[in-house]
Amino acid sequence: MTSAPKFVRVGSVQLGHPILTASGTAGHGAELNEYMPLRDLGGVVVKSLAAFEWPGNAAPRLHPTPLGMLNSVGLQGQGVAHWIEHDLPQLVAVNATIVASIWGRSVEDYANAARLLAPVASKLRAVEVNLSCPNISTGASAHKMFAHDAQLTADVIHASAVCGAPMWAKLSANTDRLVEIAASAQQAGADAVTLVNTMLGMALDIDTGLSVLGSGGGGGLSGRGIHPIAVRAVFEVAAALPQLSIVGVGGVTSGHEAAELILAGASAVQVGTATFAEPRAALRIQNELEAWAIRQGIADWSQAIGAAHRGGLNYEARR
């Protein structure tokens, strides 16, 4: 074998490669195309969009950690309509495979965002429904994270179906009900689940005794430090729901880590935080993953997807 397999299926969606960018880390449009041809990736997942403009949280919004970073950006954005007019054409122009991402403060917010995307659904490969962003300002009146409640998750997926594109439910590992919630998303019509979003974390300034983030509280912990959590989450959901496609994400900085998520049960893998330090990270990781597949003699990605549940790679040959 001299070349790696190319096409991979995520539910009803076919991608040219298994590596995508992760929402929130690659901008709203084609910002990263000057560093690497976005058309060469499996897909570009844009920053989450609401049906309305949203200012996000107060600065500072980012804080480095030993193996990643905390973020409390707070879903800043100019909304779906602005994205369709100004950013979507950039992605279309560079022939990117586009996955939109939506969020909301209520079920109706999600429905409104999805409804706005419906006229451009033919330009989208999928819509990732972000049910699990943990960095909206907290307080007594804060809403419950949708991805921590099976019924709320189902309600949002049902409401978002008006987008007219396959839906990927982005879920949280900050709950012990992950398998139950993934099943609820699947039953409600999600074509796949994205596992996982950032973990809840916090850091304090020891000179002031206050949060290092402008929101005054915690934020989402991402980066290499959460990778084992992502592998565990993908493995457990794949074991319990073998017919549900999974997009793995969390601390992927190399082809090795991408391969782990695929072996655990992910059909595709997103690269996020690594992009901040290395804008070309997704393409490098895709090349490393393909080199790994060649070394392993993998002719079709299905041979690797979920192999950890089937005795590992080349199990029959080792028996």
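Observations on the structure shown:
- Flag if residue 56 is on the phi > 0 side of the Ramachandran plot, buried (at least 22 other Cβ atoms within 10 Å of the Cβ) and not aromatic (Phe, Trp, Tyr): no
- Selection from the range 25-68 of residues that are touching a Lys or Arg at 6+ places or on another chain (Cβ under 7 Å) and within 16 Å of residue 91 (Cβ to Cβ): 27, 28, 35, 36, 43
- Those helices (runs of 4 or more DSSP H) lying entirely in the range 271-319 with at least 2 residues of a type in the set (Lys, Arg), at pLDDT 95 or above and surrounded by fewer than 21 Cβ atoms within 10 Å (Cβ to Cβ): 281-296
- Filter result for residue 184 (under 18 Å from residue 46 (Cα atoms), touching a helix residue (DSSP H, G or I) at 6+ places or on another chain (Cβ under 6 Å), outside any strand (DSSP E or B) and hydroxyl-bearing (Ser, Thr, Tyr)): no
- Candidate set from the range 247-270 (those that are out of contact with any Ser or Thr (no Cβ under 6 Å at 6 or more places or on another chain) and assigned to a loop (DSSP other than H, G, I, E, B)); member that is surrounded by the fewest Cβ atoms within 10 Å (Cβ to Cβ): 254
- Pick from the range 212-223, criterion closer than 13 Å to residue 57 by Cα and either in contact with a Cys (Cβ under 6 Å, 6 or more places away or on another chain) or not hydrophobic (A, V, I, L, M, F, W, C) (or both), ranking: surrounded by the most Cβ atoms within 10 Å (Cβ to Cβ): 219
- For residue 144, the criteria (1) under 19 Å from the mean Cα position of the chain (by Cα); (2) basic (Lys, Arg); (3) modelled with pLDDT under 95 hold in every case but one, which is (1).
- Any chance residue 121 is in a loop (DSSP other than H, G, I, E, B), under 19 Å from residue 43 (Cβ atoms), at pLDDT 95 or above and of a type in the set (Gly, Ala, Ser): no
- The single condition from (1) of a type outside the set (D, E, K, R); (2) under 20 Å from residue 41 (Cα atoms); (3) in contact (Cβ under 8 Å) with a residue 12 or more places away in the chain that residue 277 fails is (3).
- Failed item in (1) modelled with pLDDT under 95; (2) in contact with a Ser or Thr (Cβ under 9 Å, 6 or more places away or on another chain), with residue 61 passing the rest: (1)
- Identity of the residue in the range 230-246, touching a residue at least 40 places away in the same chain (Cβ under 8 Å), part of a helix (DSSP H, G or I) and of a type in the set (A, V, I, L, M, F, W, C), that ends up nearest to residue 20 (Cα to Cα): 230
- Restricting attention to the range 80-117, the residues that are touching a residue at least 12 places away in the same chain (Cβ under 8 Å), surrounded by fewer than 16 Cβ atoms within 10 Å (Cβ to Cβ), of a type outside the set (A, V, I, L, M, F, W, C) and under 21 Å from residue 21 (Cβ atoms) total 3.
- Residue match in the range 254-261 (condition: at pLDDT below 95 and under 29 Å from residue 186 (Cβ atoms)): no
- Selection count, the range 42-72, where residues are touching a residue at least 60 places away in the same chain (Cβ under 8 Å), in contact with a His (Cβ under 9 Å, 6 or more places away or on another chain) and among the aliphatic types (A, V, I, L, M): 4
- Taking first residues from the range 179-207 that are within 27 Å of residue 218 (Cα to Cα) and touching a residue at least 24 places away in the same chain (Cβ under 8 Å) and partners that are charged (D, E, K, R) and surrounded by 19 or more Cβ atoms within 10 Å (Cβ to Cβ), the Cβ contacts under 7 Å between residues at least 6 apart in sequence or on separate chains come to 194/128; 194/170; 197/170.
- Condition check for residue 226: in contact (Cβ under 8 Å) with a residue 60 or more places away in the chain, touching a Phe, Trp or Tyr at 6+ places or on another chain (Cβ under 8 Å), buried (at least 24 other Cβ atoms within 10 Å of the Cβ) and of a type in the set (A, V, I, L, M): no
The values are calculated or read from the model by the stated rules, or taken from the named source; none is laboratory data. These numbers come from a predicted model, not from an experiment. No Cβ is skipped: glycine too gets one built from the backbone with ideal geometry, and neighbour counts run over all protein chains shown.
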